[in-house]
Amino acid sequence: MKPRATRLPADRVRSRAVLRNSPIVSPLLSASDTDCLRRPSPADRMPKIRTTRTRKPPEGFEDIEGVLDDYAKKMRDAENESHEGKRKSESLWPIMRISHTRSRYIYELYYKREAISKELYDWLLKEGYADANLIAKWKKAGYEKLCCLRCIQTRDMNYQGSTCICRVPKAQLRAGTVVECVHCGCRGCSSDS
């Protein structure tokens, strides 16, 4: 005898649809562990393409537009570069480096040189020209030279609770030790380096 198909009540069907669209979160995971399950924010995306329908950039963008276009050109070249003969993670290093330098350029324009307005700075972050989370870390003590956010996430490391080798000050490393981060190719970004 065949098992009879039963129909679920509408509220249970709806709750299954909600579960299907939301990330599965274990009670054992902390909030920082579930960051990888979230949808990308505007800061995680590449800069938007400007058309006639998009809002005009704030005043002062024309002054830095040439430099940002150069970074975009370098990024395209790095993305189209051949990956043959490189490790899987090693092929992303030039892209990570360009993203870091572009974010550092915008950070220094606003915080160090005070050459751009708050409105332009916020617009650049919103449009994805710089990594807002990385800049937020640069403002904290001890993270002024941080290369990427993956290097401080403890869940990606071999030893529980540790950070990347590039975060270790050079004075604490053995002499002659070559340090190279697996994630981004950094050779040392601790504040004591």
Q: Determine whether segment 147-159 contains at least one residue that is more than 15 Å from the chain's Cα centre (by Cα), buried (at least 18 other Cβ atoms within 10 Å of the Cβ) and part of a helix (DSSP H, G or I).
A: no
Q) Out of (1) within 24 Å of Arg150 (Cβ to Cβ); (2) part of a loop (DSSP other than H, G, I, E, B), what's the single condition that is false for Tyr105? A) (2)
Q. Of all residues in segment 78-103, how many are among the charged types (D, E, K, R) and surrounded by 15 or more Cβ atoms within 10 Å (Cβ to Cβ)?
A. 2
(Q) Pairs needed: first member in segment 173-193, part of a loop (DSSP other than H, G, I, E, B); second member anywhere, modelled with pLDDT of 85 or more and among the hydroxyl-bearing types (Ser, Thr, Tyr); C-beta distance under 6 Å; at least 6 residues apart or different chains. (A) Val182/Ser89
**Q.** Filtered residues of segment 64-103 (kept if under 19 Å from Ala115 (Cα atoms) and in contact (Cβ under 8 Å) with a residue 12 or more places away in the chain)
**A.** Ile64, Val67, Leu68, Tyr71, Thr101, Arg102, Ser103
Q. Do we have any residue at all in segment 78-98 that's among the hydroxyl-bearing types (Ser, Thr, Tyr) and touching a Cys at 6+ places or on another chain (Cβ under 9 Å)?
A. yes
Q.
I need a count of the residues in segment 114-146 that are in a loop (DSSP other than H, G, I, E, B), surrounded by fewer than 20 Cβ atoms within 10 Å (Cβ to Cβ), among the acidic types (Asp, Glu) and in contact (Cβ under 8 Å) with a residue 12 or more places away in the chain.
A. 1
Q: Could you tell me whether Ala175 is surrounded by fewer than 17 Cβ atoms within 10 Å (Cβ to Cβ), more than 18 Å from the chain's Cα centre (by Cα) and in the same structural domain as Asp63 (by TED's automatic domain parsing)?
A: no
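Where residues in segment 46-63 are assigned to a loop (DSSP other than H, G, I, E, B), farther than 20 Å from Ala132 by Cα and not basic (Lys, Arg), which of them is modelled with the highest pLDDT? Outline the logic, then answer.
As a first pass, look at segment 46-63 and keep what is assigned to a loop (DSSP other than H, G, I, E, B): 46-60.
Next, only the ones that are farther than 20 Å from Ala132 by Cα stay: 50-56, 59.
Subset that is not basic (Lys, Arg): 51-52, 54, 59.
On the way: Thr51: 80, Thr52: 79, Thr54: 77, Glu59: 96.
Checking each candidate, the answer is Glu59.
The values are calculated or read from the model by the stated rules, or taken from the named source; none is laboratory data. In this text the structure is predicted, and so the values were computed from the model without any measurement. Virtual Cβ from ideal backbone geometry, glycine too; neighbours counted across all protein chains shown.
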